[in-house]
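Written out below as structure tokens is the structure these notes cover.
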Amino acid sequence: MKSESFQAILENELAQIYENGQFSALSLSDESGLVLATVGDHELANIASAISSLSLAYKKTVQEQLHFQNIDEVSTVGDDKHRFVNRFISVEESNYILSAIVAPQQSYRRLTNTAVQRIKRILSTKSSKQEGE
């Protein structure tokens, strides 16, 4: 029996969250904006990934300049109440961003909390497998 690829595992995780949260798009990218996985509107997800690295830079600046201990989310809300959410995930020395396009009046925090924990576990498993090779 062939094991699932790392990409498929990430996409399956995002797909579960996507369906439960009724998001427009979800993406997971590394700190440079490289897309690791997307679900939903792929064009939106790819755009979100491309600009997510800016939110990571913003987070780092706020932490350094305003001495915030830890920022786990940067969220932007438009006039129409759509929300662009970036949740930050650190594994080992690497940073990742879970980006979500959230519909107006849609709750997302509990689902993204769960997603962050699951994705962190998936990324940690991959990281530890690479170290063992």
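Restricting to the stretch 15-28, and then to whatever is farther than 17 Å from THR125 by Cα and of a type outside the set (S, T, N, Q), can you tell me which residue is surrounded by the fewest Cβ atoms within 10 Å (Cβ to Cβ)?
Pass one, the stretch 15-28, residues farther than 17 Å from THR125 by Cα: 15-27.
With the extra rule that they be of a type outside the set (S, T, N, Q), the set shrinks to 15, 17-19, 21, 23, 25-26.
Details: ALA15: 14, ILE17: 21, TYR18: 21, GLU19: 11, GLY21: 21, PHE23: 26, ALA25: 23, LEU26: 30.
The extreme case among them is GLU19.
If the condition is being surrounded by fewer than 18 Cβ atoms within 10 Å (Cβ to Cβ) and either in contact with a Lys or Arg (Cβ under 9 Å, 6 or more places away or on another chain) or under 14 Å from ALA15 (Cβ atoms) (or both), then the stretch 29-52 contributes ASP41, HIS42.
Just give me the residues in the stretch 108-122 being more than 13 Å from ASP72 (Cβ to Cβ) and without any contact (Cβ under 8 Å) to a residue 60 or more places away in the chain, in sequence order. ARG110, ARG121 - these are the residues of the stretch 108-122 that are more than 13 Å from ASP72 (Cβ to Cβ) and without any contact (Cβ under 8 Å) to a residue 60 or more places away in the chain.
If you check ASP72 against the conditions, is it surrounded by 11 or more Cβ atoms within 10 Å (Cβ to Cβ) and of a type in the set (Asp, Glu)? Don't jump to the end; show me each part of the working.
Values: surrounded by 11 or more Cβ atoms within 10 Å (Cβ to Cβ): yes; of a type in the set (Asp, Glu): yes.
Criteria met by ASP72.
Scanning the stretch 76-114 for residues that are under 21 Å from VAL35 (Cβ atoms) and of a type in the set (Val, Ile, Thr), we see that the one that is surrounded by the most Cβ atoms within 10 Å (Cβ to Cβ) is ILE97.
No lab work stands behind these numbers, since they all come straight from the coordinates. Everything quoted here is computed from the prediction, not taken from an experiment. We place every Cβ from the backbone using ideal geometry, glycine too, and count neighbours over all the protein chains shown.
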